[in-house]
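Working notes, beginning with the structure itself.
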Amino acid sequence: MVGSNAPFARKFDKGDAALGMIDVELLHRNGVRLTPGGWCSGDPPRSIVADNGRLTPGPGSQRLQRLVDALVLSDAFKKQQGK
């Protein structure tokens with residue numbers, strides 16, 4: 001999924017195996033409902049939202065930024081904007 005350079009996906013059916021893979025491999029969630037990050041604390045780890053103002057971009061947001069930058073700079077996008 002990450003290698004496809006697709007920034008978004010279509011709907012997934014409830015219980016789709018892809019959702020479990022996204023949780024474990026991309027979001028690093030192993031049975032914990034919160035996505036790990038600097039805003040989480042608690043025991044067990046990441047069980048409490050401690051500081052929702054403490055957000056830092058991770059690899060996913062950096063990939064999305066590169067994709068958006070490439071889109072905006074593409075000739076196809078520029079032609080669409082000229083209409």
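Quick note: the coordinates plus some simple rules give every number you see, no bench work behind them. As the structure is a prediction and not an experimental result, all values here were calculated from the model. We place every Cβ from the backbone using ideal geometry, glycine too, and count neighbours over all the protein chains shown.
Neighbour counts of other C-beta atoms within 10 Å: give me S4, S74 arranged from fewest to most.
S4, S74
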Local net charge near M1, Cβ-Cβ under 15 Å (Lys/Arg +1, Asp/Glu -1): 0
Each label point is 7 Å from the Cα along the Cα-to-Cβ direction; what then is the distance between the points at S61 and K78, in nm? 3.0 nm
Determine ³J(HN,Hα), in whole Hz, for all residues of segment 4-9 in sequence, where each value follows from phi through the Karplus function 6.51 cos²θ - 1.76 cosθ + 1.60 and θ = phi - 60°; x replaces Gly and Pro. 6, 6, 8, x, 9, 10
Give the order of R10, R29, R63 when sorted by the count of other beta carbons within 10 angstrom, beginning with the fewest. R10, R63, R29
